[in-house]
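Just below is one structure, and these are the notes that go with it.
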Amino acid sequence: MAAIHSGEATLVLLERDNPEPRLVEIRNLCDEKDIKVEEGSRTDVWRMSLPAKDGEPEHPLALALVGRKPNLSLEEVFESGGVIWLLDGVQYATNMGFCIRTAEVSGADAIIISNKMSHSERSAVKGSSMRATRFIPIHYTETENALKLAKENNIRVIVAEDVGTIPPWESNLTGDVLIVIGAEREGVSQECLDAADQIIRLPMEGFIPSYNLQVAISTLAIEAIRQRE
């Protein structure tokens, strides 16, 4: 309630189909303050909550998102900065969903997807992300436009590709960055390589020449957290 009253909450997740009167009060307050409300199952709310402290209920009725603004426009995303991910040509909905969930969990500020997709394909992405799309801005636009907005807003472009020369822990993932992950087969486009301020190469010592896409985003997401702490 404190986050709602103070105006810090940008979204509130309520337990669905619960007749508890306090939820009506919370919903009314959110409406009054123009705070977006999402609903989830009891399990959905519980698994995203912090461990209960002494005197607190084990199963909270509502959770408030503080800090990140999931409804930012594409232009507002780049004006706000932070950690923005660009999925450059990524094809498969399951991979996109995993990337969105990983980015959200790691505290990223937005996800940009360059692949044009139908409504049904976007729904599949949403499902694969475990509906993490509710809590972080997701925008579909061309790679060229994403790079243009990054340049206009002084956001550094960090690319992960096997032609890179530095490992993740020697890169600079602090400040305002656009981190680019490439397609499953083709990798990052030449357009992104040409725009890159840094090109990172994940260390590999096996015969197969590349990691799975999901490994790449997980590695960089965790490294970004470490550097920004």
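The values are calculated or read from the model by the stated rules, or taken from the named source; none is laboratory data. Only a predicted model underlies this, so the values are computations on that prediction, with no experimental measurement involved. Cβ: placed from backbone, ideal geometry, glycine included. Neighbour counts: every protein chain shown.
So the values come out like this:
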item	result
Strands (runs of 3 or more DSSP E) contained in the range 1-109 and holding at least 1 residues hydroxyl-bearing (Ser, Thr, Tyr) and surrounded by 14 or more Cβ atoms within 10 Å (Cβ to Cβ)	9-15
Criterion (among the β-branched types (Val, Ile, Thr), exposed (fewer than 13 other Cβ atoms within 10 Å of the Cβ) and modelled with pLDDT of 95 or more) met by exactly one of 174, 143	174
Single unsatisfied condition, residue 56 versus (1) modelled with pLDDT of 90 or more; (2) farther than 30 Å from residue 151 by Cβ	(1)
Listing of helices (runs of 4 or more DSSP H) fully contained in the range 112-219 that carry 2 or more residues being within 30 Å of residue 40 (Cβ to Cβ)	119-128
